[in-house]
Each structure stands twice: as structure tokens, then as C-alpha cells.
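Trainee: After the C-alpha cells below, expect a handful of questions from me.
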Amino acid sequence: MYEALFAKHEHRRVLPDLEGAEHGVVMRFAPNPSGPLHIGHARAAVLNDAYVKQYGGRYILRIEDTDPKRVDPEAYDMVKEDIAWLRLGITETVTQSERLPLYYDLCRKLIERGGAYVCICNNERFRELKQAKIACPCRDQPVEKNLGLWERMLDHTFNEGEATVRIKTDLNNPDPAMRDFPAFRILDSPPHPRVIAHVYPLMNFSVVADDHLLGVTHVIRGKDHIANTRRQRYIYDHFGWKVPVYRHYGRMGIEGVVLSTSQMRFGINEGKYSGWDDIRLGTLRALARRGISPDAVKNAVLAIGIGDTDISFSWDNLYAENKKIVDPVANRYFFVPDPFTANIDGALHRTAHAMLHPGDTARGSRILVFEGSVELPRGDITHDTAMVRLKDLFNVTISWDGSIPSFAYAGDSLAEARAAKAHIIQWLPAQGAVPCTLLTQEGEITGVCEPLVTKELGNVVQFERVGFARIDAVGNDGVTAYFTHK
RNA sequence: GCUGCUAUAGUGUAGUCCGGCCAAUCAUGCGAGCCUCUCACGCUCGCGACUGGGGUUCGAAUCCCCAUAGCAGCACCA
């Protein structure tokens, strides 16, 4: 019976087979270090990870930092932290800015093979020619001339914008995006935070170089790279290299969330968001802070698979995955939002024992001592509630004198409460209740919680009748918790 | 504009390659009920989709054509 239950939650979502993967794969996750990882990155990272686990092989983390404009020096560490959080099976890491000599070397070889040339036309001019399917004057230069120009790029004879290495493709290709695309350009500012360089490879070149050098066999990436895949084929062909197997999945959005790193950064700088882990953001650190488990992210992403349709990722689906993981683990506590202090007439002092987890009695219980006055959720005290049951304690009747409620002990019988259809509500002894702020994506809810909650720092708990929350901070002024989901 | 990709319920997904077993799978969501000292968990039942139009065929979610919609690329970004 337990196995059946287990099997249900663990059922493996099977990803479609990859062709040519029978004898293992080499795959890579290649983020740009411009900020921390978000859900969109997680899709690429987890899909590749899953295939490496399925077929066996190597999983390379490749930091693609060949554009100094898009490098945030802090992002190197953030990316690594996020990957650690996701527990990806990375087997090796390479950083492109450390590999510039390799790319230069291959560029020279490609020029020698006649697969590339150094173009000194200005951009506008080249663009016009490209649109008109006309070769630019540099295209037919002899190899020796190209090699000379290439040296002059490297030795700073040329300045930024004055020379570009282009891959020879097919000028008659109906897609203008394919015609003689650039492979290297000169960049002097901003300086790269990690390396001194003058000439940088463009993504299409460095990616092919590395995929080949590292022995990458399969590439799974977003469909925004479909055109790049076609461009990259030209480079493979020039070198005579074997082309990896590609899969392109569709665009993914998330309801109500910005996934653009630059927009997130802008919002943070403007003060709209508190930081990269602001809970309104779709970064992995924001999810972590809210108590979303990395396995929930993985399962949700695997369930989406590698379809090429554009999708809108739903929080509901992520929450459902997370709840499966968190519900059996999270201890239960009372959190009283918007508390109302009530004196209960006619009740003797007594002690309530509330279970830490209803499905696991072995965990024991919390002890709540009733001494006359309690904090109740204001929202549950309305003119049309005649009776409520304080969970694990007793029943209380409410009577009203105008807008002033008064509360009276009404017996211990749970059956009576059920018969009266009384709500069973959470409560806290007025003495000793700890101030607690629950931060949600919509705003903050102030209230009080059990003292024991202070021992759950960093854990996800369930506030009964409210939802799951991660205890983010415990201080002299109380507890700060982040709402996870219902 | 040019080039290409895609289109199954509110959301995600299976089925599409090799047409019939699909009045369409699973999950999530929503509704009702059961269970329960939480509005959680669990259980039961229900709701809800093949973008539209043509064609091929005995038979189409599946093949073909057109339309429509969405997305991507056309950067000295990745």
C-alpha cells in the first residue's frame, strides 16, 4: 500500500528518446553570467540534466561570457549557487573568457580553410549588401590578406568597429539572417571583468568551437536558437566536424512574472524589487526563499518536456508539485492573521495538545496553554457565526452587543461543534504569542504565531487554514515568514 | 517585409512519425461529496479540448492544401 502511494508520487515522466544517445551523451548548460538563474534557465538546465542522467555521460556547465556588456561579475557565483541548489549533475565547468586563445587559433584555421574572412566594411554598408545578396569587397580577398588583417585585429591596429571576421555562407540563402554572419568583433569598452581582450568571438563561433572541443553530442535549447543552429552548421561544415543532435523547445512564459534579467535588474535598481530574491520574481533564489523545493521545480519542468509550442507556465502546476514534497514534511502551527483578542467567559484553564503533523503522530505535539484570553483571526468572527471551535481546545459561542462580540465557553464536545457546523479555527494564547509577518506576493499580513515557530528557521511549515510558509527570519521583533502557497 | 517553427480542456501534457483500438491520456484547476479537531493531505464522482475551412479515405486529432493565430530569427547579444 505504501509502495502504491510512493509509486504514484514518484512516477517518472519519460522524456522522448534522443537519437544517437544509446552509448551515452555529452550535454551542456550554457548560461550567460548576467544575473542569477530563473525558471527559464531551469528548463534548459533540468532537461539537459535529465537526459544525461537517463543515458549517462558528461554534463558541462559552460559560462558564456564573451560579451563584456552582458557580464555581471557577481553572476558567476550566483549561477553556481543556483546550480548547486538545483542539484544538477554537472561534471565539469568551463568559462569561455578563459578560452580566448583557443578561439583565436580556430579562427586562424578557419580563415586558412577559406571559411571566413576579415571584413572592414562599415556595418550599414555591409547590411545593405547583405540584403541585396551582394558580396562585400572583402569577401574574395586572398587567404593571406585575411590572415594579415586578422593579425592586425589582434595586435590592436584596428579599433572597435573597424574589422569583423565573417563566416562565409551562402549569400543567396533566402533567409538574410544566414548570409555571412559575424564570428569575431573588436570591443574595447566596457572592459571585461575577468580578462584583458581586444577581440571577442560571437556566440555562434564560440559555441561551435566549444561544442566540438568538449565533445558535445546533444544540445537542448530554446527555439530562439533555431536560426543559430542553422548558422552554426556552416561552421561545422567548413571545419568538417560532426554536428551534434539538436532539440529546440518553445518559448516559456510565466503568469505575471518578468523573466528578463535586464528588466529584473532595472526593477531592483529602481527599488521596485528588494533584490534578486524578491518573491515576486521568477528567479530560483526567489522561489527558494518562498519555500519552493528544487525537486518541485525539476518535476514541473520535466512535466512540460521539450515540446516546441510556446507555453505559459502555471504557478498552479508548480505549487501542486511543491505541495507533494512539502506537505508530508512541514510541521503544522497556528498563525492568527489580523488577531482579535478575546476573553472567553466560563472556561477553566487548560492545556491543548495540537499535533505537529496529522499524518505522523510520532512527531508529537505542540502545547498551548489556555488561561482565559486568546487571539483569534478577526475574519472568522462575524455576525453570522454563532459558534466556533477553537481547534484542539473547546467550543465558543459568540454573542453580539451591537458591534462588540463577547465569547463564552460552550463545552468540549467536538460532535456538538460539528452538529452546529461551527468552523474549527486556529487560536493562540494571548500571552506568549509571537508577532509574525507573513509576506505574500500580494502584500504582507501581520499576525501572531506559536513560539515554537521560532525553531523552524529556514524550514517550510504549514500555518493551519492559511497555507504553507517558509520561516525566513526570527528576531527580537518576531518572525518573518514567506507565503509559499495554499 | 523576408525566413522558419507551432497550433489538443483555464494551465501543462499523452496520442500525430506508421490514419481505425481516441465520443481523446495523465496531472493541475474548478464543482459536489466522503474522510478529518486545518479551507491541508487522502478518497469518490463530475466539468472541461483535437484553431477554422476544404480535400484524400470505407474511416482523420493523426495525411495534404488554404486560412487564421502565436512565436522565433533577420544584432559587431547569448
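Trainee: What residue, among those in the range A:43-70 that are buried (at least 18 other Cβ atoms within 10 Å of the Cβ) and among the polar types (S, T, N, Q), is farthest from A:Asn32 (Cα to Cα)?
Mentor: Checking each candidate, the answer is A:Asn48.
Trainee: Given the conditions (1) polar (S, T, N, Q); (2) within 8 Å of RNA strand B (Cβ to nearest atom); (3) touching a Phe, Trp or Tyr at 6+ places or on another chain (Cβ under 6 Å), report the number of the one that A:Asn204 does not fulfil.
Mentor: Here A:Asn204 meets the rest and fails (3).
Trainee: Suppose the filter is in contact with a Phe, Trp or Tyr (Cβ under 8 Å, 6 or more places away or on another chain) and touching a residue at least 12 places away in the same chain (Cβ under 8 Å); does A:Leu428 pass it?
Mentor: yes
Trainee: Across the range A:309-363, what is the number of residues that are part of a helix (DSSP H, G or I) and closer than 26 Å to A:Leu452 by Cα?
Mentor: Final tally of qualifying residues: 9.
Trainee: Further question on the same structure: Identify, please: which residue in the range A:344-403 is near RNA strand B (Cβ under 9 Å from one of its atoms) and basic (Lys, Arg) and is, among those, surrounded by the most Cβ atoms within 10 Å (Cβ to Cβ)?
Mentor: Per the criteria, the residue is A:Arg389.
Trainee: Would you mention how many residues in the range A:420-438 are surrounded by fewer than 21 Cβ atoms within 10 Å (Cβ to Cβ) and either outside the structural domain of A:Leu348 (by TED's automatic domain parsing) or away from RNA strand B (no atom under 16 Å from the Cβ) (or both)?
Mentor: The qualifying residues number 6.
Trainee: Another one. Are there strands (runs of 3 or more DSSP E) fully within the range A:84-171 with at least 2 residues that are surrounded by 13 or more Cβ atoms within 10 Å (Cβ to Cβ) and away from RNA strand B (no atom under 13 Å from the Cβ)? List them.
Mentor: Fully inside the range A:84-171 and qualifying: A:116-119.
Trainee: Collect the residues in the range A:221-263 that are in contact with a Phe, Trp or Tyr (Cβ under 7 Å, 6 or more places away or on another chain), of a type in the set (A, V, I, L, M) and in contact (Cβ under 8 Å) with a residue 60 or more places away in the chain, keeping them in residue-number order.
Mentor: The answer is A:Ile235, A:Met252, A:Ile254.
Trainee: Quick one: count up the residues across the range A:471-486 that are away from RNA strand B (no atom under 16 Å from the Cβ) and polar (S, T, N, Q).
Mentor: 2
Trainee: Can you run down the residue pairs with Cβ atoms below 8 Å, 6 or more apart or on separate chains, where the first is in the range A:456-470 and more than 7 Å from RNA strand B (Cβ to nearest atom) and the partner is of a type in the set (Gly, Ala, Ser) and modelled with pLDDT under 95?
Mentor: none
Trainee: I'd like the full set of residues that are near RNA strand B (Cβ under 8 Å from one of its atoms), assigned to a loop (DSSP other than H, G, I, E, B) and surrounded by 12 or more Cβ atoms within 10 Å (Cβ to Cβ), limited to the range A:174-193.
Mentor: Within the range A:174-193, A:Arg179, A:Phe181, A:Leu187 qualify.
Trainee: How many residues does the range A:264-307 hold that are free of Cβ contacts under 8 Å to residues at least 40 places away in the same chain and among the β-branched types (Val, Ile, Thr)?
Mentor: Here the count works out to 1.
Trainee: How many residues are more than 32 Å from the chain's Cα centre (by Cα) and of a type in the set (A, V, I, L, M, F, W, C) when one looks only at the range A:198-215?
Mentor: 1
Trainee: Also, quick follow-up: Would the range A:58-77 turn up any residue that is more than 16 Å from RNA strand B (Cβ to nearest atom) and part of a helix (DSSP H, G or I)?
Mentor: Yes, the range A:58-77 has at least one match.
The values are calculated or read from the model by the stated rules, or taken from the named source; none is laboratory data. Remember, it's a predicted structure, so these values are computed and weren't measured experimentally. When we count neighbours, we look across all protein chains shown, and the Cβ atoms used for this are built from the backbone with ideal geometry, even at glycine.
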